[in-house]
Each structure stands twice: as structure tokens, then as C-alpha cells.
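Here's the structure we're looking at; comments come further down.
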Amino acid sequence: RLLESNMPEKLHPYFIIALHTGMRRSEICNLRWENITFPAKDIYVSTSKSGKARHIFMNDTVNKLMLKLYGMSKNSEDKVLNAYNPSTVSHVFADVCVKTGLKDVRFHDLSHTFASQLVMAGVSIFKVSRWLGHSTVLMKVGDKVIITDPVFWDVNLLIKRKTPFPIEPETLSRIDYV
């Protein structure tokens with residue numbers, strides 16, 4: 001709320017979209033009306049961080065914002081927001097943060113906030129990672145990489161299961177891989 005109350009009006013839509021979708025600033029700045037399907041509440045991002053396309057669901061807040069913005073520009077090739085380029089978004093946001101006394105906060109951190117809110121609401125990190133367009137589900141904490149993808153966790157079930165031919169860790173180390 002502190003950020004929003006000190007934010008220039010032109011930055012506000014960028015802020016809301018990032019906070020409610022996890023989209024990156026370049027994705028927001030390059031978003032065109034042809035990439036939005038209102039009945040499905042869908043935003044199509046043709047190129048994400050991983051280089052792959054993805055679909056992003058618009059919650060009610062973003063949907064209302066998009067409907068309001070749609071009245072200002074109706075050509076499908078038009079950008080949804082054209083007040084700022086990605087670099088300017090970062091600079092203006094940084095200025096707002098300084099003005100409000102927030103240190104070391106970047107526009108990209110809104111994506112992290114979005115992800116954190118989903119995880120705290122009970123959404124799996126696997127789903128959140130896919131939602132954000134990440135190609136892998138790895139999380140770095142300090143200098144350690146943690147595999148957060150439940151698919152990787154499940155491979156240990158082979159070791160723990162009770163079968164006539166259990167696979168023991170010692171056996172795995174003796175297997176030659178081709």
C-alpha cells in the first residue's frame with residue numbers, strides 16, 4: 001500500500017500486472033492486445049525467460065484493469081501499456097522505493113512477491129515455477145541449489161518401496177551407465 005500511494009499513475013498498471021501475474025517487466029512492456037483473450041482471462045506470452053511461450057491466467061484484479069485499459073486502445077497490434085520501456089519501469093520503480101524508504105527492492109521482486117504469496121496460499125512450488133515460465137524447478141539458497149520439483153523427490157520411492165527386487169543405493173553405485 002505504501003508503494004501504491006507514492007506511485008506515479010503511469011506506473012500503477014505495470015505494478016498491478018507484475019504483482020498479480022508474476023510477469024517480468026519486458027513481458028509487460030511488450031504485451032499487445034492480440035495476446036489477451038478476455039473470455040478465457042488469458043494472457044499469452046510468446047517468449048518467456050526460458051524462451052518458451054506460456055499462458056498466464058488473469059485474476060479479477062488484472063482482468064478489471066485490462067478491461068479498463070482496453071477502452072483506451074482497441075487495435076490488436078497496439079501495446080497494452082506504452083508509457084514506459086523496461087528500463088524506465090525499473091528506474092521509476094526504484095525512485096518510488098527510495099521515496100518510500102525501501103532499500104534493495106527491484107521491480108523484478110514483484111515477481112518473487114507473487115510467487116511467495118502463491119506458495120504461502122498452498123500452491124506447490126512446482127506449479128508456481130511453471131506459472132512463472134521457469135524451465136527447471138531449482139531454487140538457490142546461498143551457494144546451495146535445492147531441487148524443489150516433486151518429480152525429483154519421487155525417484156527416492158524406488159529405494160524405499162517394498163518389492164521383490166528393491167533398488168538399494170549401494171547397487172546403484174555399481175551400475176554402469178551407457
Handout entry: Matching residues in segment 95-130 - criterion: being assigned to a helix (DSSP H, G or I) and either over 20 Å from the mean Cα position of the chain (by Cα) or on the phi > 0 side of the Ramachandran plot (or both)
Key = Asp95, Val96, Cys97, Val98, Lys99
Practice task
Please state which one of Ala18, Ala83 is over 26 Å from Ser129 (Cα atoms) and small (Gly, Ala, Ser).
Solution key: Ala83
Problem - Among (1) among the acidic types (Asp, Glu); (2) at pLDDT below 55; (3) open to solvent by less than 50 Å² (accessible area, probe 1.4 Å), the one test that Asp109 misses - result: (2)
Fill in the blank from the handout: Picked from segment 34-81 (must be more than 19 Å from the chain's Cα centre (by Cα) and of a type in the set (Phe, Trp, Tyr)), the residue surrounded by the most Cβ atoms within 10 Å (Cβ to Cβ) is Tyr70
Exercise for the section: Take Leu65 and decide whether it is outside any helix (DSSP H, G or I) and not aromatic (Phe, Trp, Tyr). Expected result: no
Problem - Subset of segment 1-23 [assigned to a loop (DSSP other than H, G, I, E, B), touching a Ser or Thr at 6+ places or on another chain (Cβ under 6 Å) and crowded, with 18+ Cβ neighbours inside 10 Å] - result: Gly22
Exercise for the section: Return yes or no: is Thr100 within 27 Å of Val119 (Cβ to Cβ), in contact with a helix residue (DSSP H, G or I) (Cβ under 9 Å, 6 or more places away or on another chain), surrounded by fewer than 16 Cβ atoms within 10 Å (Cβ to Cβ) and not aliphatic (A, V, I, L, M)? Expected result: yes
Completion exercise
For segment 11-31, pairs from a residue that is at positive phi to a residue that is in a loop (DSSP other than H, G, I, E, B), with Cβ under 7 Å and 6 or more apart or across chains, are Gly22/Leu132
Handout entry: Matching residues, segment 82-91, being open to solvent by 30 Å² or more (accessible area, probe 1.4 Å) and assigned to a helix (DSSP H, G or I)
Key = Pro86, Ser87, Thr88, Ser90, His91
Fill in the blank from the handout: Condition set in a loop (DSSP other than H, G, I, E, B) and over 18 Å from Lys68 (Cβ atoms), scope segment 24-33, selection least open to solvent (accessible area, probe 1.4 Å): answer is Arg24
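The values are calculated or read from the model by the stated rules, or taken from the named source; none is laboratory data. Because the structure is predicted, anything quoted here is derived from the model rather than measured. Quick reminder, even Gly has a Cβ in these numbers, built from the backbone with ideal geometry, and neighbours come from all protein chains shown. What goes into the accessible areas is simple: the full protein's heavy atoms, side chains included, and nothing from ligands, DNA or RNA. Shrake-Rupley method; radii C 1.70, N 1.55, O 1.52, S 1.80 Å.
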